[in-house]
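Worksheet: one structure, shown below.
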Amino acid sequence: MRRMKLPVTLHQARLGPVEFKVIRPAEPPVRAVLVDRDRSLDTHLDQDAAYLIGGLWLLAASSPRSLVHLPMRGNRAPAHGRPEAGTRQLDLVLLHHSLQFAPARWKELRARLGPGRPQTVTLTVPGPPPTGGSSADDAARHHRENRDLFHQHLHAETLFMTGSAKVFRATAPHFLDVARHGPGYVAAHPGHGHFCTEFHSTEGVLGTAREIHVEYCDRWSPHG
């Protein structure tokens, strides 16, 4: 395991009697897009963005009383895989299920957020999982009473990923693996290198959630 220092901004805003805390990266990634393709979701990102989003996933696991917000719907798409007609780019919010935040209130809360207070958080980044993984963990994830599942909601051009600390921690390697291995794989396979991973329905972490395809991209639009 290693440590990751993640510069963020902390925001607080009140909706009625309740005050909410929102965490954003101090410098949101430029080369990262989340595309809604109706039946599935596609994420395209470069190495820096993959490390950052992996860090935000770990931050969501350790911050059950906060919403973790990644603004990126205005980013330009990669040079290949531009969004087709009928698709749209989204922002992302990660939150613990115990917070019980209603996504319908997000637009109002987002409008009340100021510049925030800078802070650096230190996260423990897990190493690669052991070869073969744990059959006990796999069985637990697929158990019908398992509560460590993601649920998704879409509101105000934002995808809400709601889950437990356990499921955020367990799935952060999707992004960290892309950051670690994507650049080298694509460089070794010029012209046809494709490095990706996926939150797949067979993984046992998706409740009422669509599959998410996560792809490393090294070529982006000129202004992206």
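The values are calculated or read from the model by the stated rules, or taken from the named source; none is laboratory data. Predicted model, so just to flag it, every value in this text is computed and none were measured. Note: ideal-geometry Cβ built from the backbone for every residue, glycine included; neighbour counts use all protein chains shown. Note: areas computed on protein heavy atoms with side chains; ligands, DNA, RNA excluded. Shrake-Rupley method; radii C 1.70, N 1.55, O 1.52, S 1.80 Å.
Regarding the range 29-49, can at least one residue be identified that is part of a strand (DSSP E or B), over 25 Å from His200 (Cα atoms) and either in contact with a Pro (Cβ under 7 Å, 6 or more places away or on another chain) or not aliphatic (A, V, I, L, M) (or both)?
There is no residue in the range 29-49 that is part of a strand (DSSP E or B), over 25 Å from His200 (Cα atoms) and either in contact with a Pro (Cβ under 7 Å, 6 or more places away or on another chain) or not aliphatic (A, V, I, L, M) (or both).
Kindly list the number of the only condition in (1) more than 12 Å from the chain's Cα centre (by Cα); (2) in a loop (DSSP other than H, G, I, E, B); (3) buried (at least 21 other Cβ atoms within 10 Å of the Cβ) that fails for Met72.
Exception for Met72: condition (1).
Take the range 164-203 and flag every residue that is open to solvent by 30 Å² or more (accessible area, probe 1.4 Å), touching a strand residue (DSSP E or B) at 6+ places or on another chain (Cβ under 7 Å) and within 21 Å of Ala61 (Cα to Cα).
Answer for the range 164-203, where residues must be open to solvent by 30 Å² or more (accessible area, probe 1.4 Å), touching a strand residue (DSSP E or B) at 6+ places or on another chain (Cβ under 7 Å) and within 21 Å of Ala61 (Cα to Cα): Asp177, Thr197, Glu198.
Kindly indicate which of Ala60, Ala104 is touching a residue at least 40 places away in the same chain (Cβ under 8 Å) and either of a type in the set (Asp, Glu) or surrounded by 14 or more Cβ atoms within 10 Å (Cβ to Cβ) (or both).
Result: Ala60 is the single residue among Ala60, Ala104 that is touching a residue at least 40 places away in the same chain (Cβ under 8 Å) and either of a type in the set (Asp, Glu) or surrounded by 14 or more Cβ atoms within 10 Å (Cβ to Cβ) (or both).
Taking the range 187-210, which residues are assigned to a helix (DSSP H, G or I), without any contact (Cβ under 8 Å) to a residue 60 or more places away in the chain and closer than 18 Å to Leu41 by Cβ?
If the condition is that a residue be assigned to a helix (DSSP H, G or I), without any contact (Cβ under 8 Å) to a residue 60 or more places away in the chain and closer than 18 Å to Leu41 by Cβ, then Ser201, Thr202 are the ones that fit.
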